[in-house]
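The values are calculated or read from the model by the stated rules, or taken from the named source; none is laboratory data. Bear in mind the structure is a predicted one, so any value in this text is a computation, not a measurement. Please note: Cβ atoms are built from the backbone with ideal geometry, for glycine as well, and neighbour counts cover all protein chains shown.
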Amino acid sequence: MLRRLVAVAAFAAMGAAASSSFAAPVKSSSLSWTRLPGAEECLATREFARAVERKLGRSVFVSAADAELAVEGRVERAAPKGWRATIVVTRADGVTVGRRELHVAGGKCALLDDSLVLVVALMIDPDAGGAREAPRPPAPAPAPTPEPRVIVVEVPVPAPAPRWSGDVGLEGTALVAGIGGVVPGARLTASALPPGLVPLEVDANVSALARTSDGALAVRFLYAGVAVCPTLLGEPGAVALSACGGVEGGFLHVASSTGDRDDALFAGSARARIVVPLFGGPSWSIDARAEAGLLAFFRRPSYSTSVLDPTALTARDQTLFRLPALGGTVAVGLGFELR
């Protein structure tokens, strides 16, 4: 193998010397390279041309119509297991200026590559005897990594739509209304708080049947009302103090030995309430509540009976009960608030 490489190098050097005697360096060449059947693994035309130009350090191959030298070659199988390459160089006027044959007795066809490139380079440019393969251009420097940037994008977040809130309550009541004692009862309340407004509350009240001090009458209060209840201190879901003012309307039912009687009942109401949350979640709570208030009765029905005056031997009216101008209420209970 070493002897073959030495022979090839010597032969190439002889070719370069011979070429210098009959041809000056040329500017351009064309390349025609054929791989005969069975030699498909050998150097392809494009790779062959690029290798020669790297050896010469410049581009030399052009189309055959523009070339000053025509380089024609072929590679084929050589018996029994070798390879044979033939190179012929012809000037534009048709004169053959060089012919070379290279042989490899065995192995891969790639063993011919370096010798073929050197021989063709010398045949094109006799001064390329000491030429070395042109260095490949350095790989481009990697693009600098951009510094991370923090981009703040303000995304408008729509404000949550205002929500209604409200509560319901059930309370035990105590009413003082001139009957001669405290009248127990019950009250059911429900309130709603529209966004941006004050709470609006409705209530329904019923009292136990209470007798007057002399036992002549039995009285029951049944009434309902509406009131506005602004919060004075605190907020929903926390300890809060509110004040309510409104009107009440209903019936005063009176039962006596002579029959039953119902009278209309109208009153103005004013009360103060404190609410203390007991437990719950973000949108609801169970609370304890207590309140005290006044009722101003607009209509004051009275109830009397006829009695005999023993001195005058005549009948006269005796008042048994008259609704007072003011009454008082106290209430304690539980509530459920939804917000």
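Table: residues versus (1) under 17 Å from L323 (Cβ atoms); (2) part of a loop (DSSP other than H, G, I, E, B).
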{"position": "V183", "(1), (2)": "yes, no"}
{"position": "L197", "(1), (2)": "no, yes"}
{"position": "L222", "(1), (2)": "yes, no"}
{"position": "G245", "(1), (2)": "no, no"}
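Within the range 255-284, being of a type in the set (G, A, S) and in contact (Cβ under 8 Å) with a residue 40 or more places away in the chain holds for A255, S256, S257, A267, S269, G280, S283. Screening G172 against (1) touching a Ser or Thr at 6+ places or on another chain (Cβ under 6 Å); (2) within 23 Å of F266 (Cα to Cα); (3) at pLDDT 85 or above leaves a single unmet condition, (1).
Taken over the range 94-130, the criterion of being of a type in the set (V, I, T) and assigned to a loop (DSSP other than H, G, I, E, B) is satisfied by V95 alone.
So, in the range 233-251, exactly how many residues are modelled with pLDDT of 90 or more and either loosely packed, with under 14 Cβ neighbours inside 10 Å or not polar (S, T, N, Q) (or both)? Spell out the reasoning first.
The initial filter retains those residues of the range 233-251 that are modelled with pLDDT of 90 or more, namely 233, 239-250.
Then keep just the ones that are either loosely packed, with under 14 Cβ neighbours inside 10 Å or not polar (S, T, N, Q) (or both); that gives 233, 239-241, 243-250.
The qualifying residues number 12.
Inside the range 62-88, residues that are part of a strand (DSSP E or B), surrounded by 20 or more Cβ atoms within 10 Å (Cβ to Cβ) and hydrophobic (A, V, I, L, M, F, W, C) make up a count of 6. Among the criteria (1) under 30 Å from S285 (Cα atoms); (2) modelled with pLDDT of 85 or more, the one K108 does not fulfil is (1). Listed by first and then second residue, the pairs with beta-carbon distance under 7 Å, at least 6 apart or on different chains, first residue in the range 312-326 and part of a loop (DSSP other than H, G, I, E, B), second modelled with pLDDT of 75 or more and basic (K, R), are L323/R300; A325/R300.
Taking first residues from the range 51-78 that are more than 18 Å from D114 (Cα to Cα) and touching a residue at least 24 places away in the same chain (Cβ under 8 Å) and partners that are acidic (D, E) and in a strand (DSSP E or B), no Cβ contact under 8 Å between residues at least 6 apart in sequence or on separate chains turns up. When the residues of the range 146-193 are filtered to those that are surrounded by 10 or more Cβ atoms within 10 Å (Cβ to Cβ) and among the charged types (D, E, K, R), which remaining residue is nearest to the chain's Cα centre (by Cα)? Top of the filtered list is R163.
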